[in-house]
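This report concerns only the one structure given below.
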Amino acid sequence: MKKTLQYDFGMVGLGVMGRNLLLNIADHGFPVIGLDNDPVKTTVLEAEAVAGTKVKGTVSAPEFIQSLSRPRAVMLLVPAGKAVDAVVEELLPLLEPGDIIIDGGNSYFADTERRMAYLAQKEIHFLGIGVSGGEKGARFGPSIMPGGNRQAYERVRPVLEAVAAKVNGEPCVTYLGTGSAGNYVKMVHNGIEYGLMQLIAETYDLMKRGLGVPDDELQRIYESWNAGELQSFLVEITAHIFRQGDEHTGERLVNLISDRARSKGTGKWTSQNAMDLQVPLPTVDMAVAMRDLSALKDERVQAAKMLAVPSAGISENGNRQQVVVQIGNALYVAMIITYAQGMALLRTASEAYGFGLRLDEVARIWRGGCIIRAACLEDFRKAYQINPGLPNLLLDPTVAGMLKKRQSDLRAAVTLAVGTGVPVPALMASLAYFDGYRSGTLPTNLIQAQRDYFGAHTYERTDKDGIFHTQWG
Ligand code: 6PG
């Protein structure tokens, strides 16, 4: 009897991400099978397979499960939320103890914990894995952030290490920790992504509206920034975006795109969870708020007329180039402050949820493949290697030295924005975080006094131990 081929890895959901990741896995020598309700997608999968690779698509869940070698490794790349639960319920009767379900979507970490507990009762492992890098990343090397049961991870490790992006030969994947560690790290990745994108957008606005820099020059500026210490995927694609013309009108495409930004929620989750854990994350908060504000288009257009204020304007005295350099430095400082906030959140969350994260490893696997990859991540990796318990990147001597050298440029960029009325809330929030964090004393003594005044909430004193209350006034 002819033995049917057993597939090493299965993918449910053959949309852009699922299909490309599965083809990437096949390229590395693993026979793979994909499941999707839509026969067009299974056909596209097989048609796109590279010659010599073993790739099959099916619309039949029983065929899919029976074709997989055991213990089965089944990855889901379906929209986060109800779709994940629906697929789990569909597959469950077909699976056997020891099989592994891997959720590769942007699932909320608490949902991952719930699914893990539910499936553990049925002796099915559930791994929550963040995958970053978009379509190209999935096809040619994403950054992969796995968490969950260690043994289950070991079963899929060879596949993940083979397909992940490589930096200096090291794969951008590692076992991050227990439970929903992978989804949590991916959520914070996306929160940082929101912050960085908002910061870049603000520098664009400041240069275009504030300084009157023409679009052609913007492209060159982002290109030159990307060639220096700002080297990062998001700065790189920003330069490309300014190069892109519209095929219908011939105009620069970016100028034809509506300024209402959308979101799928991961940035908001990051801010919400940071507040639950009482970790300050103001740059990400602002990035979320500005996407929300951008949606109020009609109100903004009305307010633009009603609330027009005189702008200080920029004197064209030939120092524009110098101001652009300052704005670049401001972006660099603010980007680092954004990573610092995200890393500080990961540190607290790791303790609160028992993930056991190693922040040097997080920085390492973010150096390639993912949306927030940037040259500075190598510095952060070193900082956490030297001091794994570092409470905040701002306390690393190298990072602190760099911030001290450049912080005046962040101040200058914010001052320029204030004078010209260009909104730069994320740059401001980053500066405020920097100034707040480096304030040995804050005016919060007054807040404590006020709380005690109106609500008898008590306060502590600087000169003696204990809890105090005063009959004020
Ligand atoms: C990634 C991206 C990816 C997705 C974002 C977009 O790491 O590859 O983060 O996950 O593009 O979720 O998020 P918004 O739609 O919320 O901007």
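The values are calculated or read from the model by the stated rules, or taken from the named source; none is laboratory data. All figures in this text were calculated on a predicted structure; none of them were measured in a lab. Please note: Cβ atoms are built from the backbone with ideal geometry, for glycine as well, and neighbour counts cover all protein chains shown. Heads up: the accessible areas ignore ligands, DNA and RNA and are worked out on the full protein's heavy atoms, side chains in. Shrake-Rupley method; radii C 1.70, N 1.55, O 1.52, S 1.80 Å.
Being at pLDDT below 95 and assigned to a loop (DSSP other than H, G, I, E, B), is that true of even one residue in segment 214-222? Full working, then the answer.
Here is the first cut: in segment 214-222, the ones at pLDDT below 95 are 214-216.
Narrowing further to those that are assigned to a loop (DSSP other than H, G, I, E, B): 214.
Among the residues of segment 214-222, at least one is at pLDDT below 95 and assigned to a loop (DSSP other than H, G, I, E, B), which makes the answer yes.
I need a count of the residues in segment 205-216 that are within 17 Å of VAL323 (Cβ to Cβ) and open to solvent by 60 Å² or more (accessible area, probe 1.4 Å).
Here the count works out to 3.
Restricting the first residue to segment 401-417 and requiring it to be charged (D, E, K, R), which pairs with a second residue that is open to solvent by 40 Å² or more (accessible area, probe 1.4 Å) meet a Cβ separation below 8 Å and a spacing of at least six or different chains?
Filtered contacts from segment 401-417: ASP409/VAL325; ASP409/GLN326.
Counting only residues that are hydrophobic (A, V, I, L, M, F, W, C) and within 16 Å of the ligand (Cβ to nearest atom), which one in segment 364-396 is most open to solvent (accessible area, probe 1.4 Å)?
The qualifying residue most open to solvent (accessible area, probe 1.4 Å) is ILE371.
Considering only segment 454-468, state which residues are more than 16 Å from THR444 (Cβ to Cβ) and either open to solvent by less than 90 Å² (accessible area, probe 1.4 Å) or touching a Pro at 6+ places or on another chain (Cβ under 7 Å) (or both).
If the condition is that a residue be more than 16 Å from THR444 (Cβ to Cβ) and either open to solvent by less than 90 Å² (accessible area, probe 1.4 Å) or touching a Pro at 6+ places or on another chain (Cβ under 7 Å) (or both), then ALA456, GLY466 are the ones that fit.
Okay, residues lined up against (1) closer than 29 Å to GLY130 by Cβ; (2) more than 14 Å from the ligand (Cβ to nearest atom); (3) open to solvent by 60 Å² or more (accessible area, probe 1.4 Å):
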residue	(1), (2), (3)
THR238	yes, yes, no
PHE242	no, yes, no
HIS248	no, yes, yes
MET275	yes, yes, yes
ALA287	yes, no, no
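Report, ordered by the first and then the second residue, all pairs with beta carbons closer than 8 Å, sequence separation of six or more or different chains, a first member in segment 56-81 that is without any contact (Cβ under 8 Å) to a residue 24 or more places away in the chain, and a second member that is of a type in the set (D, E, K, R) and open to solvent by 30 Å² or more (accessible area, probe 1.4 Å).
Close Cβ pairs satisfying both conditions: none exist.
Restricting to segment 186-213, name every residue that is assigned to a helix (DSSP H, G or I) and away from the ligand (no atom under 16 Å from the Cβ).
Going through segment 186-213, the residues assigned to a helix (DSSP H, G or I) turn out to be 186-210.
Those that are assigned to a helix (DSSP H, G or I) and away from the ligand (no atom under 16 Å from the Cβ): GLU202, THR203, TYR204, ASP205, LEU206, MET207, LYS208, ARG209, GLY210.
Any idea which of (1) open to solvent by 20 Å² or more (accessible area, probe 1.4 Å); (2) touching a strand residue (DSSP E or B) at 6+ places or on another chain (Cβ under 6 Å) is the one LEU14 doesn't satisfy?
(1)
Could you go through segment 162-185 and let me know if any residue there is charged (D, E, K, R) and either part of a helix (DSSP H, G or I) or within 16 Å of the ligand (Cβ to nearest atom) (or both).
no
With the condition kept exactly as written, say whether any residue in segment 217-225 is more than 16 Å from the ligand (Cβ to nearest atom), surrounded by fewer than 17 Cβ atoms within 10 Å (Cβ to Cβ) and of a type in the set (Gly, Ala, Ser).
For segment 217-225, residues more than 16 Å from the ligand (Cβ to nearest atom), surrounded by fewer than 17 Cβ atoms within 10 Å (Cβ to Cβ) and of a type in the set (Gly, Ala, Ser): present.
Just name the residue that is farthest from the chain's Cα centre (by Cα) out of those in segment 176-205 that are under 17 Å from ILE241 (Cα atoms) and among the hydrophobic types (A, V, I, L, M, F, W, C).
Selected residue: ALA201.
Exactly one of these conditions fails for ARG347: (1) without any contact (Cβ under 8 Å) to a residue 60 or more places away in the chain; (2) within 16 Å of the ligand (Cβ to nearest atom); (3) open to solvent by 50 Å² or more (accessible area, probe 1.4 Å). Give me its number.
Of the numbered conditions (1) without any contact (Cβ under 8 Å) to a residue 60 or more places away in the chain; (2) within 16 Å of the ligand (Cβ to nearest atom); (3) open to solvent by 50 Å² or more (accessible area, probe 1.4 Å), the odd one out for ARG347 is (2).
What strands (runs of 3 or more DSSP E) completely inside segment 22-89 contain at least 1 residues that are at pLDDT 95 or above and surrounded by fewer than 22 Cβ atoms within 10 Å (Cβ to Cβ)?
In segment 22-89, 55-58 are the strands (runs of 3 or more DSSP E) which contain 1 or more residues that are at pLDDT 95 or above and surrounded by fewer than 22 Cβ atoms within 10 Å (Cβ to Cβ).
Among the residues in segment 149-161, are any in contact with an Asp or Glu (Cβ under 8 Å, 6 or more places away or on another chain), charged (D, E, K, R), open to solvent by 30 Å² or more (accessible area, probe 1.4 Å) and not in a strand (DSSP E or B)?
Looking for residues that are in contact with an Asp or Glu (Cβ under 8 Å, 6 or more places away or on another chain), charged (D, E, K, R), open to solvent by 30 Å² or more (accessible area, probe 1.4 Å) and not in a strand (DSSP E or B), one finds none in segment 149-161, hence no.
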